[in-house]
Amino acid sequence: MYAKLAQRFPLYTAIVEDISRMLLDGKLQPGDRLPPERELCTQYNVSRTAVREALKVLVDKRMITILQGRGATVAHPSSETVTESLGTLLKLGKVTPLQLAEVRRGLEPEMAALAAARATGRQLKTIEGWFRRLENARSTLDEMAGFDIRFHLAIAEAAQNEVAKAMLTSIQALFHDTVSSGY
């Protein structure tokens with residue numbers, strides 16, 4: 001299954017590309033375990049250093065997770081990468097809270113329309129429950145922000161659009177952090 005690598009340097013990048021390709025081709029699925037380091041060394045005909053460096057890069061890209069004693073496992077996709085990227089841009093001043101709000105305002109009506117068309121009865125009840133909590137909230141700004149996030153994420157879940165859900169999840173998390181820190 002694992003390809004013999006062409007002589008390119010550094011070798012770890014070829015391993016990263018090969019495993020990434022297998023993920024994109026569906027040969028590796030979230031939850032699948034990668035072979036142990038020794039076996040990867042043999043299959044790729046490289047040193048343990050090259051394999052370890054490749055695994056480090058794949059962890060940094062959030063494509064795999066490594067647990068001590070359990071080895072490397074293909075990660076389940078999440079919005080954390082988008083959140084971290086936007087968070088970095090926000091901290092560097094390349095993105096402003098106003099820009100996040102503009103994107104949120106653009107996404108939310110479409111998400112609501114999709115949710116209205118696709119939501120299950122249970123999802124509609126969840127959305128309504130969070131809306132009622134938000135509407136009746138008389139507590140701290142932090143708690144209200146938490147209700148707001150849950151309300152909008154329930155809509156995103158009901159919309160059944162993973163791209164928009166990842167974007168909205170990221171924007172919501174950054175909004176909450178911004179409100180909490182008094183940006």
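The values are calculated or read from the model by the stated rules, or taken from the named source; none is laboratory data. All of these numbers come straight from a predicted model, not from anything done at the bench. Please note: Cβ atoms are built from the backbone with ideal geometry, for glycine as well, and neighbour counts cover all protein chains shown. Side chains are part of the model used for accessible areas, which takes the heavy atoms of the whole protein and leaves out ligands, DNA and RNA. Shrake-Rupley method; radii C 1.70, N 1.55, O 1.52, S 1.80 Å.
Structure values in brief
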quantity	calculated
Pairs with Cβ under 9 Å, 6+ apart, first in region 83-108 and among the hydroxyl-bearing types (S, T, Y) and part of a helix (DSSP H, G or I), second surrounded by fewer than 17 Cβ atoms within 10 Å (Cβ to Cβ) and modelled with pLDDT of 85 or more	T88/K94
Filter result (within 23 Å of S170 (Cβ to Cβ), out of contact with any helix residue (DSSP H, G or I) (no Cβ under 6 Å at 6 or more places or on another chain) and without any contact (Cβ under 8 Å) to a residue 24 or more places away in the chain) within region 117-147	E143, M144
Number of positions in region 126-183 that are more than 22 Å from K91 (Cα to Cα), among the β-branched types (V, I, T) and part of a helix (DSSP H, G or I)	4
Scope region 65-94; condition open to solvent by 60 Å² or more (accessible area, probe 1.4 Å), at pLDDT 80 or above and among the hydroxyl-bearing types (S, T, Y); matching residues	T65, T88
Selection status of L174, surrounded by 18 or more Cβ atoms within 10 Å (Cβ to Cβ) and touching a Gly at 6+ places or on another chain (Cβ under 8 Å)	yes
